[in-house]
Amino acid sequence: MTRSARAAVFSAGSWGTAVAKILGDAGTSVVLHARRDEIADAINAQHRNVGYFPDVDLPATVTATTDPAAALDGADFLVLSIPAQTLRANLSIWAPHIGADAVIVSLMKGIEQSSRLRASQIITEVAGVSTDRVAVLSGPNLAREIMEGRPAAATIACPDEEAARRFQAACHTSYFRPYTSTDVVGCELGGAVKNVIALAVGIASGMGMGDNATAMLITRGLAEATRLGAAMGAHPVTLAGLSGVGDLVATCSSPLSRNRTFGTHLGRGLSVEEATAVTRQTTEGVKSAEAILALACTRDVEMPITEVISALLHEKVTLAEAAAALMQRPPKSER
């Protein structure tokens, strides 16, 4: 009898917990790595993550530990759901415990500030694994809705199509439909850029600019992501799919989106520090905007929304100046 797949999910934040639930519901054996004993103990005793979703039961196949070596023991998949800016330091500690054949799946949607590298690039560099052992899962996936079992879909991208299909089988449930792809660059850029655009949409909402402004920012934001993706070797179809426009629409439209919510706080007059304190959770767009803009500059790609948001986050422009900078750009052909 073939044993079920095993996955180690690092760590037990909101999205990591949601993916652990998906995997468990799909029949995969899951060990969540938690940083705090009380979170791990509650998951093991109550089958609930009391720190994030105290009202939702986790499958019995999901257990937890604070020991990274124990979490990774026998794991077919290492699923990484941590802030992008902490990936390098944490993975260097965990790497010695990763199995020789384990596929590493990134859930991260950010660009490292210091190196301007995508998560998959950091993983291959730090863990010393080949690119065909690194996959990316990205799509319009709000953690709260996933925990409630509401319908969702995502893209799993990996250079090795068979590895992508194995993880697809490990996380396919009645409410979660994963598709496969080989376009890792497109999936990662779509996920990273949409966070910056969601900040812009949130700011516009906080300033009371209306739905027309929201639609404009989403549409022109997609154009920015597509231009950068093309310059970096991504396929345009990927940016038009779940990990591109799908994720962009969900993140820009939902009050459950932490990037949109952060932007709304800014639009209502809070400073970056004040919005950070109120939001409390990691907001990847804030950390990645400058790195994304740097990637665009090195490839001579125009990203005016990203440029204005980066300037606003670093207090180089005011809210009024940011809005004016976008609306007063010279008119041009949409093509």
> If you go through segment 34-80 one residue at a time, how many are aliphatic (A, V, I, L, M) and more than 21 Å from S106 (Cβ to Cβ)?
Replying inline: 10
> Of all the strands (runs of 3 or more DSSP E) wholly in segment 1-98, which have at least 1 residues that are closer than 16 Å to I123 by Cα?
Replying inline: 6-10, 77-80
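Quick grid of which residues meet (1) touching a Gly at 6+ places or on another chain (Cβ under 7 Å); (2) outside any helix (DSSP H, G or I); (3) modelled with pLDDT under 95:
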{"residue": "S243", "(1), (2), (3)": "yes, no, no"}
{"residue": "D247", "(1), (2), (3)": "yes, no, no"}
{"residue": "T251", "(1), (2), (3)": "no, no, no"}
{"residue": "A277", "(1), (2), (3)": "no, no, yes"}
{"residue": "E302", "(1), (2), (3)": "no, yes, no"}
> Out of curiosity, is R116 basic (K, R) and over 20 Å from the mean Cα position of the chain (by Cα)?
Replying inline: no
> What are the residues in segment 146-201 that are among the polar types (S, T, N, Q) and within 25 Å of A223 (Cβ to Cβ), if any?
Replying inline: T155, S181, T182, N195
> Would it be correct to say that T251 is touching a residue at least 24 places away in the same chain (Cβ under 8 Å) and in contact with an Asp or Glu (Cβ under 6 Å, 6 or more places away or on another chain)?
Replying inline: no
>> So in segment 1-38, with the set limited to residues that are of a type in the set (K, R) and more than 21 Å from H172 (Cα to Cα), which one is farthest from the chain's Cα centre (by Cα)?
In response: R36
>> Against the definition (of a type outside the set (A, V, I, L, M, F, W, C) and buried (at least 21 other Cβ atoms within 10 Å of the Cβ)), how does T17 come out, yes or no?
In response: yes
> Looking only at segment 108-145, which residues are polar (S, T, N, Q), closer than 21 Å to I292 by Cα and without any contact (Cβ under 8 Å) to a residue 40 or more places away in the chain?
Replying inline: S114, S115, Q121, T124
> Looking at I146, I104, I111, which is the one that is over 30 Å from P54 (Cα atoms) and either modelled with pLDDT of 95 or more or among the β-branched types (V, I, T) (or both)?
Replying inline: I111
> Quick one: is A135 in the same structural domain as Q85 (by TED's automatic domain parsing), under 18 Å from the mean Cα position of the chain (by Cα) and not in a helix (DSSP H, G or I)?
Replying inline: yes
>> Given (1) within 30 Å of S181 (Cα to Cα); (2) hydrophobic (A, V, I, L, M, F, W, C); (3) in contact with a Gly (Cβ under 9 Å, 6 or more places away or on another chain); (4) not in a helix (DSSP H, G or I), identify the lone condition not met by L270.
In response: (1)
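This table checks each residue for (1) among the small types (G, A, S); (2) in contact (Cβ under 8 Å) with a residue 60 or more places away in the chain; (3) in contact with a Gly (Cβ under 8 Å, 6 or more places away or on another chain).
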{"position": "M147", "(1), (2), (3)": "no, yes, no"}
{"position": "A152", "(1), (2), (3)": "yes, no, yes"}
{"position": "D183", "(1), (2), (3)": "no, no, no"}
{"position": "R220", "(1), (2), (3)": "no, yes, no"}
{"position": "L228", "(1), (2), (3)": "no, yes, no"}
> If you take the residues of segment 253-264 that are touching a Ser or Thr at 6+ places or on another chain (Cβ under 7 Å) and part of a helix (DSSP H, G or I), which of them is farthest from R144 (Cα to Cα)?
Replying inline: T264
> Here are P159, P140: which of them is at pLDDT 95 or above, under 21 Å from E224 (Cβ atoms) and part of a loop (DSSP other than H, G, I, E, B)?
Replying inline: P140
> Which residue out of D73, D67, D57, D41 is under 20 Å from D101 (Cα atoms) and either within 22 Å of the chain's Cα centre (by Cα) or assigned by TED's automatic domain parsing to the domain that holds Y175 (or both)?
Replying inline: D73
>> Kindly evaluate G191 against the criterion of being out of contact with any Gly (no Cβ under 6 Å at 6 or more places or on another chain), modelled with pLDDT of 95 or more, under 23 Å from E290 (Cβ atoms) and crowded, with 22+ Cβ neighbours inside 10 Å.
In response: yes
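The values are calculated or read from the model by the stated rules, or taken from the named source; none is laboratory data. The shown structure was predicted, so the numbers you read here are calculated from the model rather than taken from an experiment. As a convention, Cβ positions derive from the backbone with ideal geometry for all residues, glycine included, and neighbour counts pool all protein chains shown.
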